[in-house]
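What follows is calculated from the coordinates using simple rules that are stated; it is not laboratory data. Remember, predicted model here, so these are calculated numbers, not experimental data. All Cβ positions, even for glycine, are placed from backbone atoms using ideal geometry, and neighbour counts span all protein chains on display.
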Amino acid sequence: MKQVAHSRLKTEIPPRPLHQPRPRRRHNRWLVLIAAFKLAQALLFIAIGLGARHLLHKDVGDELAALADHLRFNPESRLVNFVLEKASLINDPLLRRIGAVAFGYAGLGLAEGIGLYLEKAWGEYMTLIITVSFLPWESIEVLRRLTWIRVSLLTVNALVFFYLLQLVTQRGRERVAQLRSRSRHKAH
């Protein structure tokens, strides 16, 4: 046993095992769920970015026509014809921009997801700021054209925003209370 002397007080400190397991802390299940959502979004954006890179230096219309044929879509369908018409507008510079934006969003989504999973304050603030920045745009899109996908995304993002706002506010109040408590103890 190791002995420590502090101004006339002798205490013994028991040896600590080398491989003592840390007590496991339970994760906040809502943060884990939000992190999984953000990581899934990141994977979607990675797939979009890879798809854009794959289409570089290719005729997008021919590629989409081959895909429609492979998936056995009706070649006379209005939807197929609409998509093939719009595909002629996509060129390499546009594909590069789509890929860059998609990979940028994927990076943000990965950072958000990892930060939330690890329950880091920066991850919570980052997600809060990014989520609130998209809410006005998503609201306008829902008002412009009501679809269940747009309403679902708006609802999920609004719930994420309000939950994180409540969590960050609560943690801030706890920190302020701790600081006040410490300052009172030091004053006495």
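Some points to look at:
- Residues ILE114 and ARG53, FRET efficiency given R0 of 25 Å [Cβ-Cβ distance, rounded to 0.05]: 0.60
- In terms of packing, defined here as the mean over residues of other Cβ atoms within 10 angstrom, the peptides 117-130, 136-149 line up highest first as 117-130, 136-149.
- Cα-based convex hull, the chain, per residue volume (Å³, whole number): 232
- Segment 25-142, relative contact order in percent, only Cα pairs under 8 angstrom and at least six apart counted: 41
- For the chain, built as a Gaussian network whose Cα springs stay under 10 Å, the top-fluctuating residue of ALA66, ALA42, ALA106: ALA66
- In the elastic network of the chain, a GNM with C-alpha springs shorter than 10 Å, the most mobile of LEU79, LEU165, LEU43 is LEU79.
- GluC sites (Glu not before Pro) within segment 49-96: DSSP coil, no more than 11 neighbouring Cβ in 10 Å: GLU76
- Cβ-Cβ distance of HIS185 and TYR125, R₀ of 25 Å, FRET efficiency by 1/(1 + (r/R0)^6): the value works out to about 0.30.
- Between GLN178 and ARG96, the FRET efficiency estimated from the beta carbon spacing at R0 = 45 angstrom works out to 0.35.
- Charge dipole (segment 36-95, unit charges on Cβ, about Cα centre) - positive-most of GLY49, ALA68, SER88: GLY49
- Total formal charge among the other residues, if their Cβ is under 14 angstrom from that of ILE130, Lys/Arg +1 and Asp/Glu -1: -2
- Dipole size of the chain about its Cα centre, with +1 on Lys/Arg Cβ and -1 on Asp/Glu Cβ: approximately 1960 debye, rounded to the nearest 20.
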